[in-house]
Amino acid sequence: MAFPNPATDVVNFQIDATDFVITLTDLTGKVVATSTTSTIDMSSLTSGAYIYKVVSDKGFAKGKLTKK
């Protein structure tokens, strides 16, 4: 789960794993951010919709984020 959504600056992820990577892409599929911590800074991104993917040893999850 990602929160807050919609976001303005930093997005936090609730992840039940210790080894993971978060990838944030725009709607064209271009990777705009990656993180190995439970936060992503979206302050430099333009307003709009983004897709996140969390990959860990327990599997993966995908979702949509909106930047105000």
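The values are calculated or read from the model by the stated rules, or taken from the named source; none is laboratory data. A quick note: this is a predicted structure, and the numbers were derived from the prediction, not measured. Note: ideal-geometry Cβ built from the backbone for every residue, glycine included; neighbour counts use all protein chains shown.
Annotations for the structure displayed:
- Taking the criterion of being assigned to a strand (DSSP E or B) and either touching a residue at least 12 places away in the same chain (Cβ under 8 Å) or farther than 18 Å from F60 by Cβ (or both), the residues of region 21-41 that qualify are V21, I22, T23, L24, T25, V32, A33, T34, S35, T39, I40, D41.
- One residue stands out among those in region 1-31 that are farther than 16 Å from K68 by Cβ and surrounded by 15 or more Cβ atoms within 10 Å (Cβ to Cβ): the one that is modelled with the lowest pLDDT, which is I15.
- Qualifying residue in region 49-66 (condition: surrounded by fewer than 15 Cβ atoms within 10 Å (Cβ to Cβ), out of contact with any Asp or Glu (no Cβ under 8 Å at 6 or more places or on another chain), modelled with pLDDT of 95 or more and part of a loop (DSSP other than H, G, I, E, B)): no
- Evaluated against (1) modelled with pLDDT of 95 or more; (2) surrounded by 10 or more Cβ atoms within 10 Å (Cβ to Cβ), T36 falls short on exactly one condition, (2).
- Qualifying residue in region 1-14 (condition: under 10 Å from the mean Cα position of the chain (by Cα) and assigned to a loop (DSSP other than H, G, I, E, B)): yes
- Of the criteria (1) in contact with a Ser or Thr (Cβ under 6 Å, 6 or more places away or on another chain); (2) outside any loop (DSSP other than H, G, I, E, B), which one A17 fails: (2)
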